[in-house]
Amino acid sequence: MGLSQLVIWIPAFLLAIAFHECCHAWMADRLGDPTARSQGRITLNPIAHLDPIGTVLIPLLIIITGGGFLIGWAKPVPVNPYNLRHIKRDYMLVSLAGPASNVASAVIFAFLFHMAVLVSKAIHLPGAIWEPVRHFLIVAVHLNLILAFFNLIPVPPLDGSGILQGLLPDKYEEMFSRIRPFGFIILIALLMMGALNIVWFMASNLSIFLLGGG
């Protein structure tokens, strides 16, 4: 990525992960667990959600080495399931809140994009102003959808595992929970097999649909 692209992607990335984690924390608090609220995680301030490795080190290494796909993660929101009113159902809702927030963000940014297009045409906005705004909104839509689809992969520690666990009958839920210690290894294997390409394909096509071709 060039400097001009980083100026767009980094703020969009920080906003996306901050809203994602904030929604996890908000949902947990609404359903009876104040743990995240007590740690100041119900906030859109990205600093509260930064993970030294996932939000700083990994993206920085990708940038320095010239990797083609900027990826990272935030500090997980702490959830004590025993504080939830209905453990299985509510933990699923807390897990779902993150990806749902990114889909909602993508729709909002797409709406802002179409509004911005109308405004730029109406007042003949100079390209020096319009192009960065246009690029940021497109990146924000695409990046939020990438985060949503990636987190829906049903492998621990991703949100999709919490959603799937909430949907499974009790006897299968117990079997599924046994893979949790191996979740990261399974996830790495899936990524090596091209899972990110599938995520990118799905996010790109939905971005095109929402943006009307951009």
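The values are calculated or read from the model by the stated rules, or taken from the named source; none is laboratory data. Every value quoted in this text rests on a predicted model; they were computed, and no experiment measured them. Please note: Cβ atoms are built from the backbone with ideal geometry, for glycine as well, and neighbour counts cover all protein chains shown.
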For region 55-77, state whether one or more residues are assigned to a helix (DSSP H, G or I), at pLDDT 90 or above and not β-branched (Val, Ile, Thr). no
Scan of region 82-116 for residues that are free of Cβ contacts under 8 Å to residues at least 12 places away in the same chain and under 26 Å from residue 142 (Cβ atoms), ordered by number: 104, 108, 111, 115
When region 1-40 is examined, which residues are found to be surrounded by 21 or more Cβ atoms within 10 Å (Cβ to Cβ) and farther than 23 Å from residue 149 by Cα? 33, 36
Could you check region 202-214 and list, in sequence order, the residues that are at pLDDT 90 or above and loosely packed, with under 12 Cβ neighbours inside 10 Å? 205, 209, 212
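Does any residue of region 17-39 turn out to be polar (S, T, N, Q), more than 19 Å from residue 61 (Cβ to Cβ) and not in a helix (DSSP H, G or I)? Steps first, please.
Residues of region 17-39 polar (S, T, N, Q): 35, 38-39.
Checking the rest, the ones that are also more than 19 Å from residue 61 (Cβ to Cβ) come to 35, 38-39.
Filter once more, keeping what is not in a helix (DSSP H, G or I): 39.
Scanning region 17-39 turns up at least one residue that is polar (S, T, N, Q), more than 19 Å from residue 61 (Cβ to Cβ) and not in a helix (DSSP H, G or I).
Residues checked against (1) in contact with a Pro (Cβ under 9 Å, 6 or more places away or on another chain); (2) within 26 Å of residue 209 (Cα to Cα):
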| site | (1), (2) |
| --- | --- |
| 106 | no, yes |
| 114 | no, yes |
| 145 | no, yes |
| 152 | yes, yes |
| 155 | no, no |
| 169 | no, no |
Checked 177, 161 against criteria (modelled with pLDDT of 90 or more, small (Gly, Ala, Ser) and within 30 Å of residue 86 (Cβ to Cβ)); the one match is 161
